[in-house]
């Protein structure tokens, strides 16, 4: 297991509505919003670790050569699939 890269081990992260960021002007306009934001009112359980703070990882030092090869083939397949989906979205699919 290793610390989750998405939430950095906190188990929560900002709601996706804030993915484009928040300006200082927005915080100045609504001080209560700033206080709530800093207090974590808008935090949601991590979408990667689901609040567990850690995620499984492959121990490359202990895995067999065959298992590592299968793992890397899987990673490549997942990457290829994501690229294909993105290309389809760009074409309007």
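What residue, of 16, 29, is exposed (fewer than 11 other Cβ atoms within 10 Å of the Cβ) and under 11 Å from the mean Cα position of the chain (by Cα)?
16
So the check is Cβ under 9 Å with 6+ separation or different chains; which pairs have a first residue in the stretch 66-93 that's surrounded by 10 or more Cβ atoms within 10 Å (Cβ to Cβ) and a second one that's not in a helix (DSSP H, G or I)?
Close Cβ pairs (under 9 Å, with a partner that is not in a helix (DSSP H, G or I)) amount to 67/58; 68/58; 68/60; 71/58; 71/60; 71/63; 85/93; 87/93.
Hey, can you tell me all the residues within the stretch 52-65 that are surrounded by 12 or more Cβ atoms within 10 Å (Cβ to Cβ) and either at pLDDT below 95 or at negative phi (or both)?
Result: 52, 54, 55, 58, 63.
Does the stretch 72-80 contain any residue that is assigned by TED's automatic domain parsing to the domain that holds residue 93 and not in a helix (DSSP H, G or I)?
no
Do we have residue 38 as in a helix (DSSP H, G or I) and within 18 Å of residue 8 (Cβ to Cβ) here?
Answer is yes for this residue.
The values are calculated or read from the model by the stated rules, or taken from the named source; none is laboratory data. Quick caveat, the model's predicted, so the values are computed rather than measured. Positions of Cβ are generated from backbone atoms using ideal geometry, with glycine treated the same way; all protein chains shown enter the neighbour counts.
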